[in-house]
Amino acid sequence: AVERTLVIIKPEAVKEGLVGEILARFERKGLKIARIRDGRVDRALARQHYAHHADKPFFEGLLDAITAGPVVFAIIEGPSAIAHVRNLVGATNPIEATPGSIRGDFARELPFNMVHASDSPETAEEEIRRFFGEGA
Ligand code: CMP
């Protein structure tokens with residue numbers, strides 16, 4: 001089925017000049033950039049987005065990382081977009097991410113894994129609303 005997923009190109013990836021490289025990988029797979037904007041994740045939004053990690057020891061470091069600078073938000077669309085984007089992005093931990101994946105090729109150490117991608121249709125729609133507004 002055609003799906004939508006929310007991607008955040010994180011501050012470390014923007015800082016390292018990887019925005020085009022990352023978006024090109026989704027496009028090469030045949031997925032479409034349905035919406036895109038630049039912006040920032042402020043601390044309040046970060047707490048909301050990562051609420052399910054609130055009890056983890058790495059939570060504050062995670063908030064520091066995602067709020068560290070400008071990001072790019074994108075809605076990526078296409079057949080099975082959620083699974084395809086997660087495969088292109090690779091495993092959460094850069095040490096486990098396969099070379100050839102975005103994290104495997106570019107990321108070094110948690111929490112700096114370059115990209116966030118939604119993990120299910122429900123979280124995708126919730127995250128799209130969070131970062132692109134109710135009508136998106
Ligand atoms: P993301 O896909 O944005 O979702 C949760 C984030 O938490 C993850 O990417 C990492 O940036 C971060 N994260 C997950 N596990 C750890 C960990 N063990 N130590 C530090 N950061 C982590």
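Read-outs: derived from the displayed coordinates by stated rules, not from any lab. Please read these numbers as outputs of a predicted model, since none were measured by experiment.
Summarising the amide proton neighbourhood of V115: residues at separation of 5 or more, or on other chains, whose placed amide H is nearer than 5 Å comprise K10.
The lysines whose alpha-carbon is closer than 22 Å to the alpha-carbon of K29, local same-chain residues fewer than 8 away aside, are K10. State the percent of C-alpha pairs, over all pairs in segment 1-62, separated by a distance greater than 20 angstrom. Above the 20 Å cut-off, segment 1-62 has 43 percent of its Cα pairs. Over the Cα atoms of segment 35-136, the radius of gyration divided by the Kirkwood radius equals 0.94; this is the Rg/Rh ratio.
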